[in-house]
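Chemist: First the structure, which I've put down as structure tokens, then a few questions once you've had a look.
What follows is calculated from the coordinates using simple rules that are stated; it is not laboratory data. Since the model is a prediction, treat every value here as computed from it, not as a measurement. Note that each Cβ is placed from the backbone with ideal geometry, even for glycine, and that neighbours are counted across all protein chains shown.
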Amino acid sequence: MYVCVIFFFSNINLLLYLKKMAIGNSPLFKRRLSRLIKSKKSRGKSGKKTNKKSVPRVPRKYKGEPPQHHSDLFTDENPHKTVHGLRFRNSRDARQSISRLRNLYKQHKITFAHMRQIGNTMEQRSRFHAHPTEGIKEGNKEWKKFNRSFKKSGKN
């Protein structure tokens with residue numbers, strides 16, 4: 001009888017039903033139930049997590065400003081996930097950085113999305129550099145080629 005009833009409940013209703021039936025009295029069960037209830041409350045109608053505070057991001061005004069108040073190409077908002085040693089000084093450095101990035105992705109140390117975000121950031125940094133040299137412009141071309149390699153071509 002319980003098996004038939006289970007199929008008609010959603011995850012949260014099922015857990016509440018099991019708790020009512022005194023099946024879920026363990027601390028682990030209660031912890032999982034509370035986490036599930038919290039995650040359901042924080043999600044919108046589409047099922048994706050919603051941000052209640054959607055403040056537009058602005059560039060940093062001063063050095064000690066907290067990261068949630070600015071958006072800048074050279075700020076390190078999440079230092080433990082930073083990939084060090086990426087360069088755009090010249091074409092060779094950019095190619096070495098790109099190969100390093102691809103290797104990190106192949107070794108499962110960064111995700112595909114993270115790799116794309118890093119590539120996009122490096123392209124923007126080289127594009128809007130304060131003193132662009134010929135080498136920096138060549139490095140920008142390499143990063144641009146790397147970023148365009150992810151786009152689908154129109155020819156099939």
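Chemist: Please list 3J(HN,Hα) in residue order for the range 98-104, calculated via the Karplus relation 6.51 cos²θ - 1.76 cosθ + 1.60 where θ = phi - 60°; whole Hz, with x for glycine and proline.
Modeler: 5, 5, 5, 5, 5, 5, 4
Chemist: How large are Rg and Dmax for the range 72-148 when calculated on the C-alpha trace, in angstrom?
Modeler: 11.9, 35
Chemist: Now for a different question. Around Lys145, with a cut-off of 12 angstrom between Cβ atoms, what is the net charge of the other residues, counting Lys and Arg +1 and Asp and Glu -1?
Modeler: Counting the neighbours of Lys145, the net charge comes to +2.
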